[in-house]
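Remarks on the structure that follows.
Any read-out appearing in this document is the output of simple, stated calculations on the displayed coordinates, not a laboratory observation. Everything numeric in this text was worked out from a predicted model, so none of it was measured. All Cβ positions, even for glycine, are placed from backbone atoms using ideal geometry, and neighbour counts span all protein chains on display.
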2 protein chains.
Amino acid sequence: MKIEEAIKQKKFKTEYQKLFINIIYTAHWIDHETIKTLKPYGISPQQYNVLRILKGQYPKCISMNQIIDRMLDINSNASRLVEKLKQKQLVEREICENDRRQVDIKITENGLKLVDMVQEKIDELNNFSKIISTTEAEKFNQFLDKIRV
Amino acid sequence: MKIEEAIKQKKFKTEYQKLFINIIYTAHWIDHETIKTLKPYGISPQQYNVLRILKGQYPKCISMNQIIDRMLDINSNASRLVEKLKQKQLVEREICENDRRQVDIKITENGLKLVDMVQEKIDELNNFSKIISTTEAEKFNQFLDKIRV
DNA sequence: AAAATATATATGTATATACATTAACTGTTA
DNA sequence: TAACAGTTAATGTATATACATATATATTTT
């Protein structure tokens, strides 16, 4: 559906303004789709994001700071997210002996299983191969990288 | 900055997955920039979005339902947002006499002034003319429109 | 080594969001 | 016209987020 219909706005100042708004609108749309996909598994998109990061490091641990560095949402409260995941026994957390300020966080077997189950469904959302070519996707990636000054 | 550096992830399964993640990450980035821009004016991005919608209708009123239809975030609680804006005297709200279930909402003079002041600064965020051509922006818009099934 | 500074994480708090439910009103149908 | 269904908006509640502050530990400076 065209963005004009989606938000019932016929005109935009420029094609650039339209693109700006389209990016925001589409990201919200993606977020809602992701929420729906994850709901049966009892986790939020942010929690999924943390699990994916932890899976990427498995079987190594990773510190809270490193998680924050890798997260899609710059401002999210990693500490509380990890606490939620721990309550669900999807991650383990222990104080780092070399630097007692730090905590070492690691995904559990349960966590790994959950990510594996979910990942497939999430990846369906990004199967753009029928819509654009790899070359175009590359261009779009370059563009997005450039607008974040 | 490249998305690989931004979230410290070297590899992606496909260029499409990278694009998917890039869209989410960039939208969050935009959101944070917008929050910073709006902060001095005491409103949130969602509240700004409502004000812009109302400005587009000015001097006509618009119902709560119509606001929801036009919002960028599908699930936002327009009713409470409008209440916040009313408290700041940026909008007026009154029950529609033709259909007493409905409310007519209208931006105030103060609201209009605020949007005018802010709009300029927000629009700086979407000045992509140095990064891509209008034709390319059109292509991206078409792509985004297509991924929202 | 004590004091000051820096770093890693956690917590407090106000506000926002997701989602279900409720309340008020309108329109339709039996 | 009474009962029912449909629509519009508001509210309740649990959870999430933004942002400031606190706590614990490590490092640097004097």
**Study point:** Distance (nanometres) between label positions extended 7 Å along Cα→Cβ at B:Lys121 and A:Lys113
**Key:** 5.1 nm
Review point. Which value in deg cm²/dmol, rounded to the nearest 500, describes the helix-derived mean residue ellipticity at 222 nm for the protein assembly as shown, given -39,500 (n - 2.57) per DSSP H run of n ≥ 4 and division by the residue count?
Key: -19000 deg cm²/dmol
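Would you mind computing the Rg to Rh ratio of the stretch A:1-41 from its alpha-carbon coordinates, Kirkwood style for Rh? The partial results should precede the final answer.
Numbers: Rg = 12.8 Å, Rh = 11.3 Å.
Over the Cα atoms of the stretch A:1-41, Rg/Rh equals 1.13.
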Exercise for review: Take every Cα-Cα distance within the protein assembly as shown, group them into 10 Å bins from 0 onward, and report for each bin the whole-number percent of pairs it holds.
Suggested key: 6, 25, 30, 23, 13, 3, 0, 0
Practice item. Can you spot the aspartates and glutamates whose alpha carbon is less than 16 Å from B:Lys121's alpha carbon? Ignore those fewer than 8 places along the same chain. Key: B:Asp31, B:Glu33
Exercise for review: Give the relative contact order (percent, whole number) for chain B; include only Cα pairs under 8 Å separated by 6+ residues.
Suggested key: 19 percent
Revision key, fill the gap. Stokes-Einstein D for chain B (10 °C, 1.306 mPa s, Kirkwood Rh from Cα pairs), in µm²/s, comes to 90 µm²/s
Study note, to complete from the structure: Simple spin-label estimate for B:Arg101/B:Lys11, 7 Å along Cα→Cβ, in nm, reads 5.6 nm
**Study point:** Rounded tilt (10° steps) of B:78-87 against the dominant C-alpha axis of chain B
**Key:** 60 degrees
**Study point:** Residue pairs, from the table A:Lys60/B:Lys11; A:Lys11/B:Lys106; A:Lys146/B:Lys39; B:Lys8/B:Lys84; A:Lys39/A:Lys146, whose Cα atoms sit over 27 Å apart
**Key:** B:Lys8/B:Lys84; A:Lys39/A:Lys146
Practice item. Just check the stretch B:98-139 against the gyration tensor rule for me: Cα atoms, a ≥ b ≥ c as the square roots of the eigenvalues, rounded for a/c under 1.5, and otherwise prolate or oblate depending on whether a/b exceeds b/c. Key: oblate
Study note, to complete from the structure: The helix B:45-57 Cα axis meets the longest alpha-carbon principal axis of chain B at an angle in degrees, between 0 and 90 and rounded to 10, of 60 degrees
